[in-house]
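So the structure is just underneath, and the comments pick up after that.
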Amino acid sequence: MILAVTALAPPASAADLTNNDVTFQNGGVTLHGTVVAPPGGSKLPGLVLVDGSGEHTRNDHRFEAEAFARQGIATLIYDKRTEGYSLFSRSYSTLADDALAAVEALRKRPEVDPARVGVWGLSEGGWVAPLAASRSADVAFVVTLGANGVEPSQQQAWAIENQLRRLGMDGSIVRMASSTMMRQLVGGGAFPEARYDSVAVLKSLRQPVLGLWGAKDVLTPPGEALRIFQDSLAHYTLRGFPDAQHQLRRTTDGFDKLPGYAPGYLELVGTWVHNLPAQSTADAAPAQDRTSISLAPLAWYESTWLQLAVLLLLVVAFAFYPLFRRGPAAASARWLSATGLLAVLGFLVVDVLIQTTMGKGLGPVVAGRPLPWLALQLLSLGAVAATIGTAVAWWRHRTPRLTVVLAGGVVFVPWAVYWGLLAI
């Protein structure tokens, strides 16, 4: 793809660039940012940088802002809101309104041409920036990096599986983490904006869009995203960079970050913003090892409240046996109480470690299973065997003590199957 080149402002060093702090508001929240621009500029195109998920400050993309400013673009970077934004609570609509408030602040700058101000969005910002543009004709163009065409929950499931497989994991733990666990988070309302529909927003855009992806992206399915953008947008330039990761940093495998950005990325943004080519062009979609899969809604028997009730029942049933000592004891019941309780509590720990460390906190992997998961599976097999022995003891004695722990064992079996503890 070749773009016509318009003469840009002479390159400036970081010391020669101007930095002007600005504030702007969305509702009751005041946001703080900095406009980075070449000195003495006038009628410059403007670009608002919208960051990805998590907490970010304006300095996280200062390097890119300065690179764009050296190419004659007044660039606004700002501190991302913390109010109303967390791991379990966020609104793309609110973030889009933040971006529009930033656009308005940049359009008022004396060095900026208000008719040529656009938004740039990375990752989560690749959902937010197009949404902002769909709401306002004041946004002249859109640039996205590592943007998604699929739903956020579908993207996250794909990314989790990539990470676990990279660590050498396979089989039931991968299915549990990337499908069962994700579906529970979505169904329980713990995954914000899980079903956000980016396609409807992309189809509504009339502004030109520059979509950029690293071909070795392991967080966003890049091939699917490029094809979805191409099928949905009216006016686009879509590029893939062969040895780049999610943020268009240089990489060997998509997981590491080498110094510097993908060759041509920063220059392409500058050239495209100054020219806004009329003809739509697209690279071939990057290859993917796997296609992302949409997460099915929970069935009634999978409901989050039922799962929590089952967990509580299992803990009570297995802890009941050693605490309630009235009635005859049975070796199988003691074994069921111990293995069942350890399996349930251990599963909760492993679940938290997967969510907080993307599997890195699970230690060595043997035969596709991290050692904690292998231990849980062995405990689960022991609990199944102990359930059979306890059923025999209960048939002989039928005491409340044996009845409660046996009930726990009977419920444990389908629960363990559902969560992959009894699967290969």
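The values are calculated or read from the model by the stated rules, or taken from the named source; none is laboratory data. Quick caveat, the model's predicted, so the values are computed rather than measured. Positions of Cβ are backbone-derived with ideal geometry, glycine not excepted, and every protein chain shown enters the neighbour counts. SASA here: full protein model, heavy atoms, side chains in, ligands and nucleic acids out. Shrake-Rupley method; radii C 1.70, N 1.55, O 1.52, S 1.80 Å.
Structure data summary
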item	result
Candidate set: region 353-368, residues that are among the β-branched types (Val, Ile, Thr) and in contact with a helix residue (DSSP H, G or I) (Cβ under 9 Å, 6 or more places away or on another chain); chosen: the one most open to solvent (accessible area, probe 1.4 Å)	Val366
Residue tally, condition in contact (Cβ under 8 Å) with a residue 60 or more places away in the chain and either open to solvent by 10 Å² or more (accessible area, probe 1.4 Å) or not in a strand (DSSP E or B) (or both), over region 195-212	8
From Leu100, Leu95, residue being in a helix (DSSP H, G or I) and open to solvent by less than 20 Å² (accessible area, probe 1.4 Å)	Leu95
Verdict on Leu341 being more than 29 Å from the chain's Cα centre (by Cα), touching a residue at least 40 places away in the same chain (Cβ under 8 Å), surrounded by 15 or more Cβ atoms within 10 Å (Cβ to Cβ) and closer than 27 Å to Val186 by Cα	no
Count of residues meeting criterion [in a loop (DSSP other than H, G, I, E, B) and charged (D, E, K, R)] in region 48-92	7
Answer residue from region 213-269, given it is part of a loop (DSSP other than H, G, I, E, B) and of a type in the set (Asp, Glu) and is least open to solvent (accessible area, probe 1.4 Å) among those	Asp217
Search result, residues across region 4-46 that are open to solvent by less than 30 Å² (accessible area, probe 1.4 Å) and modelled with pLDDT under 90	Ala12, Gly41
Subset of region 49-97 [of a type in the set (Asp, Glu) and farther than 28 Å from Pro39 by Cβ]	Glu55, Glu83, Asp97
Lone unmet requirement of (1) of a type outside the set (Ser, Thr, Tyr); (2) touching a residue at least 40 places away in the same chain (Cβ under 8 Å); (3) open to solvent by 10 Å² or more (accessible area, probe 1.4 Å); (4) outside any strand (DSSP E or B) for Ala137	(2)
Where a residue in region 369-394 is surrounded by fewer than 20 Cβ atoms within 10 Å (Cβ to Cβ) and its partner, wherever it lies, is of a type in the set (Phe, Trp, Tyr) and assigned to a helix (DSSP H, G or I), with Cβ under 7 Å and at least six apart	Gly382/Trp335
Meets criteria (under 12 Å from the mean Cα position of the chain (by Cα) and within 15 Å of Ile293 (Cα to Cα)) for Glu193	no
Among (1) of a type in the set (A, V, I, L, M, F, W, C); (2) open to solvent by less than 10 Å² (accessible area, probe 1.4 Å); (3) more than 30 Å from Val365 (Cα to Cα), the one test that Met169 misses	(3)
